[in-house]
Structure formats: C-alpha cells, structure tokens
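> Can you keep this structure in mind? I'll have questions shortly.
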Amino acid sequence: MTVVARFDDLAPGTATKVDVNGTAVALVRIGDDVYAIGDTCSHANVSLSDGEVWCDEKQLECPRHSSAFSLETGVPATLPATQPVPVFDVTVVNGDVVVEVRS
Ligand code: FES
C-alpha cells in the first residue's frame, strides 16, 4: 500500500499520472470516487492520463487512437486497443490516496 496523492489535490474529472514503486498508474477522480488503472495504453506506449475522462461512462480515453478504457475493469470499450490495462485497489485514508500494486 502506497500513498500516492492527496485526494483534495485531484481535480474532479481529471486523470493524474503517478509512479507507484516503478509502475505508472493513472489516478482518476470522478466526484468523490477515485480509480487507479495502468497508465500505459495496451495498444502503444502512450500515457492514458493525458487523455480525457468520460465521467458518465467511467472511462479514460487514450489520447492517441481514442480507445476508451473502463476505470472499473481496465477493458477497452472501443478499438483499436483489444487488451485490458491493469486496475489497482485504491482507497482514501484520512485524505490520502492509497494504491496497492502487486508485483
Ligand atoms: S495508443 Fe492507445 S489506442 Fe492506440
């Protein structure tokens, strides 16, 4: 379990790239919820946190070819990506965002 950010520092509807023990993770805040998925697109070496957050769909869109990854499962809803990205357990403890990355 690693503290990666303060919840209040995450703007709603945005993605933030953080490093968790060498793993690039995209933190996404939607309202009072926070999600953590692998930051590297499964289609090419692109940072998903540079993409747009689709709050209603709970998806993060790749900025290069627009595959939209589920924040809950990591599965892309749209092509060209076909492989999921990892999802990580994330909790907020006393205002700290805590992510668990198992290696
Ligand atoms: S690099 Fe992400 S969909 Fe192509």
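> Could I have the simple spin-label model distance between Val75 and Asn45, label points 7 Å from Cα toward Cβ, reported in nm to one decimal?
Simple spin-label model gives 2.9 nm for this pair.
> Just want to confirm a number: the relative contact order over the stretch 2-100, from Cα pairs under 8 angstrom separated by 6+ residues, in percent.
Here the relative contact order equals 26 percent.
> With only alpha-carbon pairs counted, each pair once and no self-pairs, how large is the Kirkwood hydrodynamic radius of the stretch 2-100 in angstroms?
So the Kirkwood estimate lands at 13.0 Å.
> Fewest first, what order do Glu61, Glu100 take by the number of other Cβ atoms within 10 Å? Let's see the in-between values first.
Values: Glu61 21, Glu100 12.
Fewest to most other Cβ atoms nearby, the residues stand as Glu100, Glu61.
> Moving on to the next point. Can you figure out the FRET efficiency of Phe7 with Asp56, using R₀ = 22 Å and their beta-carbon distance, to the nearest 0.05? Don't skip to the end; give the middle numbers.
Values: r = 21 Å, r/R0 = 0.96.
Once rounded, the FRET efficiency stands at 0.55.
> How many nm is it between the label spots at Thr82 and Asp33, if each spot is 7 Å from the Cα in line with the beta carbon?
2.9
Since every read-out is calculated from the coordinates, none of them should be taken as a lab result. A quick note: this is a predicted structure, and the numbers were derived from the prediction, not measured. Neighbour counts are summed over all protein chains in view; Cβ atoms, including those assigned to glycine, are modelled from backbone coordinates with ideal geometry.
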